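To start, the structure under review is shown below, and the notes come after it.
The values are calculated or read from the model by the stated rules, or taken from the named source; none is laboratory data. Model, not experiment: these values are computed from the prediction. Here the Cβ is made from the backbone with ideal geometry for all residues, glycine too, and neighbour counts use every protein chain on show.
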Amino acid sequence: MTITTSDSDDSICIKDSSPKCTLKRLQWTYLIGNFLMAAANHLPGAYRYAIYQSYGINRATIELFYVIYYGSALFLGTFVASLSDQIGRRFACVLFGVFYILYCFSFRFPYTNILALGTIPWGIASAIDQTVFEAWLITEHRKLSRDPVSLKYILRNTSLVKICASIGVALASQFLVQSFGYLAPFNAAILCLFVMMTFISCTWSENHGNKHMSSMTSLTLGFHALRDDYRIVLLGLCTSFYEATSYIYGIEWTPALQNAKSMIIYDPIPLGFCFAGQLLSRFIGTLAFGILARHFRTESFMIVIFFLAAFGLSVPIFFPDAQWPIMIGFCLYEFSFGVYRPASGLLRSEYIPDDIRATVMNYLRVPQLVLVLGILLSHFQLSVVFFLWVFMSSLAMICMTLLNFVTLPSEKVPVIQHKDVLGYEPIVQSENTILQIDVDSSGETSDGH
């Protein structure tokens, strides 16, 4: 993986306080923090379902655990992550580590009640992961530069780093489980989390939305933002449908492959390697985002990406008993997710106000969590779940189509004529990105920052 920068010798930026070097330091500290977070998050990823099964827990109870997890993310997680606008986003990112450690530690006890309780801090950590890290970055970036092009590439590089970390730890988890058993990936994740918490505490600066605003005021203003701007609502519905699909996919991809008995990949199926293959497809998708973003508006190419997601997830409907075709379909879906992750971050940076960013982002998670809870509580057969995957991806495509049409092409502004402060060639941006300004070749912004 190559993370592009404009200088071949980054060492000159260690003491340099120019905007170019300051942005590079921001990028690298954010990338390292996200690398550690992703490593901890995905080390147990392929074996959550398997370790529950090893404790003799049936599918219905496992799905109940996920119901508790999503309920925690919906109620407790939304509240805690929204508070980060006041208590500090760096502090909230450290809290992510605390909550995830509690979740991993619960697997030391093979008792249903303890495992169920362990999903509560997991839900809170998930809400922080999905909203606060990104909110911290966007605020720090806006302190240093009002050019959205460099933000686009930091988001892309972040996705690449997280996917590389995920692929590496997926392979590592396969060998850890073979050598030490199902608990080993969870123990390794705890170690990664301690390193991450130390790194973030020492290298990230604290930022807030509006720390003088009460939590109730923040929640109220977030509701008003949704009420007054239907584009945010459309974006929220689009992400809710697609990410609800991703959450259900995260639960059911393992049994979907295990239940397929023809065109076998390998016996027994190597879940760690399958997970790594899916993440490799996600990596390729993130690389494709960089190419697509240079030539097309985000809203335009995401319509096609959602169609590809629906197509890939339709494979188990037509070939429910064939492992290889299902795996290929899942890889196509993961490719779409690789494009989606940086694209969605870019869209949120354009549409959501900074002072209440974490609050609004957590509001946007509410529909997806309600959808996931409804599906899990219904205990559908896998064949029905496959259909719902395709249906929700199609709804995401429809919402993105509407968002594309309401953001008129006439709202575009001219292309910046110079490279941005990270050395990337700029592209056309929507007028919704109110941060667009010129950057001269020396890296100084036109407003003097």
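Can you tell me which residue is nearest to ALA46 (Cα to Cα) among those in the range 234-262 that are of a type outside the set (S, T, N, Q) and either surrounded by fewer than 16 Cβ atoms within 10 Å (Cβ to Cβ) or over 19 Å from the mean Cα position of the chain (by Cα) (or both)? Even if it seems obvious, please write down each step before you answer.
Quick first cut of the range 234-262, residues of a type outside the set (S, T, N, Q) only: 234-238, 241-244, 247-253, 255-257, 260-261.
Retained after the next criterion (residues that are either surrounded by fewer than 16 Cβ atoms within 10 Å (Cβ to Cβ) or over 19 Å from the mean Cα position of the chain (by Cα) (or both)): 250, 255-257, 260-261.
Working: GLY250: 9, PRO255: 12, ALA256: 13, LEU257: 12, ALA260: 17, LYS261: 20 Å.
Here the residue is GLY250.
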Subset of the range 251-262, residues touching a residue at least 24 places away in the same chain (Cβ under 8 Å) and either hydrophobic (A, V, I, L, M, F, W, C) or assigned to a helix (DSSP H, G or I) (or both), comes to ILE251, GLU252, TRP253, THR254, PRO255, ALA256, LEU257, ALA260
When only residues in the range 263-297 that are polar (S, T, N, Q) and without any contact (Cβ under 8 Å) to a residue 60 or more places away in the chain count, which is surrounded by the fewest Cβ atoms within 10 Å (Cβ to Cβ)? SER281
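Each row is one residue, and each column tells you yes or no for (1) within 21 Å of LEU382 (Cβ to Cβ); (2) β-branched (Val, Ile, Thr); (3) modelled with pLDDT of 80 or more.
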| site | (1), (2), (3) |
| --- | --- |
| ILE269 | yes, yes, no |
| LEU280 | no, no, yes |
| PHE301 | no, no, yes |
| PHE306 | no, no, yes |
| ALA322 | yes, no, yes |
| MET327 | yes, no, yes |
Looking for something β-branched (Val, Ile, Thr) and in contact (Cβ under 8 Å) with a residue 40 or more places away in the chain - is there at least one such residue anywhere in the range 173-185? yes
If you take the residues in the range 139-167 that are touching a strand residue (DSSP E or B) at 6+ places or on another chain (Cβ under 9 Å) and within 17 Å of LEU347 (Cα to Cα), which one is modelled with the highest pLDDT? SER150
Name the residue that is surrounded by the fewest Cβ atoms within 10 Å (Cβ to Cβ), counting only residues in the range 19-51 that are in contact with a Ser or Thr (Cβ under 8 Å, 6 or more places away or on another chain) and farther than 25 Å from MET197 by Cβ. ALA50
Inspect the range 223-239 for any residue being within 30 Å of GLY277 (Cβ to Cβ), assigned to a helix (DSSP H, G or I) and at pLDDT 85 or above and give the result as yes or no. yes
Residues of the range 176-204 being farther than 19 Å from ILE101 by Cα and at pLDDT 90 or above, which ones? CYS202, THR203, TRP204
Step by step: first the residues of the range 88-118, then only those that are crowded, with 16+ Cβ neighbours inside 10 Å and of a type in the set (Val, Ile, Thr), then the one that is farthest from PHE35 (Cα to Cα). Which residue is that? ILE101
Looking at the range 22-40 only, could you name the residues that are over 20 Å from LEU171 (Cβ atoms) and either in contact with a Phe, Trp or Tyr (Cβ under 6 Å, 6 or more places away or on another chain) or touching a residue at least 60 places away in the same chain (Cβ under 8 Å) (or both)? THR22, LEU23, LYS24, LEU26, GLN27, THR29, TYR30, LEU31, ILE32, GLY33
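Tell me, please, whether a residue that is in contact (Cβ under 8 Å) with a residue 40 or more places away in the chain, of a type in the set (D, E, K, R) and either in a helix (DSSP H, G or I) or surrounded by 24 or more Cβ atoms within 10 Å (Cβ to Cβ) (or both) can be found in the range 322-338. Break it down stepwise before answering.
Going residue by residue through the range 322-338, those that are in contact (Cβ under 8 Å) with a residue 40 or more places away in the chain are 322-327, 330-338.
Cutting the leftovers down to of a type in the set (D, E, K, R) gives us 334.
Filter again for either in a helix (DSSP H, G or I) or surrounded by 24 or more Cβ atoms within 10 Å (Cβ to Cβ) (or both), leaving 334.
Checking the range 322-338: at least one residue is in contact (Cβ under 8 Å) with a residue 40 or more places away in the chain, of a type in the set (D, E, K, R) and either in a helix (DSSP H, G or I) or surrounded by 24 or more Cβ atoms within 10 Å (Cβ to Cβ) (or both).
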Any idea how many residues of the range 98-121 are in contact (Cβ under 8 Å) with a residue 60 or more places away in the chain and of a type in the set (Ser, Thr, Tyr)? 1
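Look at VAL161 and say whether it is within 29 Å of TYR340 (Cβ to Cβ) and surrounded by fewer than 17 Cβ atoms within 10 Å (Cβ to Cβ).
no
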Please go through the range 42-78 and pick out each residue that is part of a helix (DSSP H, G or I), free of Cβ contacts under 8 Å to residues at least 40 places away in the same chain and farther than 15 Å from ILE248 by Cβ. GLN53, PHE75
Scan the range 122-141 and report the pairs whose first residue is on the phi > 0 side of the Ramachandran plot and whose second residue is part of a helix (DSSP H, G or I) and surrounded by 23 or more Cβ atoms within 10 Å (Cβ to Cβ), with Cβ atoms within less than 8 Å and a gap of 6+ or a chain change. none
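Among the residues of the range 304-313, are any touching a Lys or Arg at 6+ places or on another chain (Cβ under 6 Å), part of a helix (DSSP H, G or I), surrounded by 21 or more Cβ atoms within 10 Å (Cβ to Cβ) and not aliphatic (A, V, I, L, M)? Give the steps one after another, and end with the answer.
Initial filter on the range 304-313 (touching a Lys or Arg at 6+ places or on another chain (Cβ under 6 Å)): none.
No, because not a single residue in the range 304-313 is touching a Lys or Arg at 6+ places or on another chain (Cβ under 6 Å), part of a helix (DSSP H, G or I), surrounded by 21 or more Cβ atoms within 10 Å (Cβ to Cβ) and not aliphatic (A, V, I, L, M).
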